[in-house]
1. Angle check, please: helix 2-18 long axis (alpha carbons) against the longest principal axis of the chain (alpha carbons), in degrees 0 to 90, nearest 10.
2. Where Lys and Arg each count +1 and Asp and Glu each count -1, what net charge lies around Val88 among other residues with Cβ under 13 Å from its Cβ?
3. Pick out which of Ala138, Ala27, Ala197 has the largest mean-square fluctuation in a Gaussian network model of the chain, springs linking Cα atoms closer than 10 Å.
4. Using a 7 Å offset from the Cα along the Cα-to-Cβ direction at both Thr55 and Thr129, what is the distance between the two label points in nm, to one decimal?
5. If I take the Cα coordinates of the range 27-104 and project them onto the principal axes, what are the three extents in Å, biggest first?
6. Identify which of Val172, Val137, Val194 has the largest mean-square fluctuation in a Gaussian network model of the chain, with springs joining Cα atoms closer than 10 Å.
7. Which peptide among 119-131, 59-71 comes first, and what is the full order, when sorted by highest mean count of other Cβ atoms within 10 Å?
8. Quick check: pseudo-label points 7 Å beyond the Cα along Cα→Cβ at Asn78 and Ala94, how many nm apart are they?
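Values quoted throughout were computed directly from the atomic coordinates according to the rules given, and no laboratory measurement underlies them. Quantities reported herein were computed from a predicted structural model and do not represent experimental measurements. Ideal geometry is used to build each Cβ from the backbone, glycine not excepted, and the neighbour counts take in all protein chains shown.
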Amino acid sequence: MKRMLSLLLTGIVILAQAGTAGAVDYALSTNLPPSSGVSIVAHSITAAGVWSASTLPDLNMDFGDLVWTPGTVAKPVNMWLGSQFFAVDISNLAAGSPTVSISYTEGNKPTGATKSLGVKVVASANKETFNAPVGGVAQNPTESLIWNKPLATLAAGTSITSATLTGGWCRVYLGVYTGSPAVTGAEGFTNADVPGAYTGKVTITATAT
């Protein structure tokens with residue numbers, strides 16, 4: 001009888017231990033640091049849309065010798081077009097989006113020329129939003145146009161706020177005007193223009209926010 005009671009009590013103790021519940025609270029935390037700076041990098045892109053494998057090695061954006069391009073039904077003006085154009089990506093080095101300022105300074109033009117790069121080159125500002133890879137394949141970012149402007153309109157400088165770029169970064173395309181899409185105030189190179197070298201300078205300033 002004593003042995004049976006002992007076994008019974010032992011069984012009760014074991015059952016009681018197996019039914020005991022415990023709870024532990026783990027406090028979770030992390031810290032997303034503010035951006036310590038900005039990144040401004042440029043790539044050249046061929047007229048066929050092929051991006052250079054590396055960033056622009058220096059600060060010289062040469063659109064190359066212009067190429068004669070006959071007009072079409074959709075674009076009935078004969079123009080001289082650049083052999084390449086450029087894309088400048090401006091982003092924070094960490095979280096957030098920068099505030100971007102862009103300005104243009106006229107350079108030189110051939111003697112007798114009345115039009116400069118200020119009306120011959122167009123800047124296109126865009127918001128780029130990252131897209132996650134699909135099946136391990138990288139996806140192009142989603143691009144949203146902010147504005148298209150001839151460089152001359154940027155002489156006094158213009159800004160793109162961080163709020164405009166929230167969730168993404170800024171990409172500015174720079175290229176000789178092609179006529180498509182139409183940009184008010186821009187003019188393509190035609191046979192009416194004076195041959196020679198045309199120069200100018202674009203200044204891009206970014207502040208991490």
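1. Approximately 10 degrees, to the nearest ten.
2. On the way: positive: Arg171; negative: Asp89, Glu128.
Charge balance near Val88 sits at -1.
3. Maximum fluctuation in the GNM of the chain, among the listed residues, is at Ala27.
4. So the two model labels end up 2.6 nm from each other.
5. For the range 27-104, the Cα extents along the three principal axes come out at 68, 29, 27 Å.
6. With Cα springs under 10 Å in the chain, the top fluctuation among Val172, Val137, Val194 is at Val137.
7. On the way: 119-131: 19.3, 59-71: 12.8.
Descending mean neighbour count gives 119-131, 59-71.
8. Between Asn78 and Ala94, the label points sit 5.8 nm apart.
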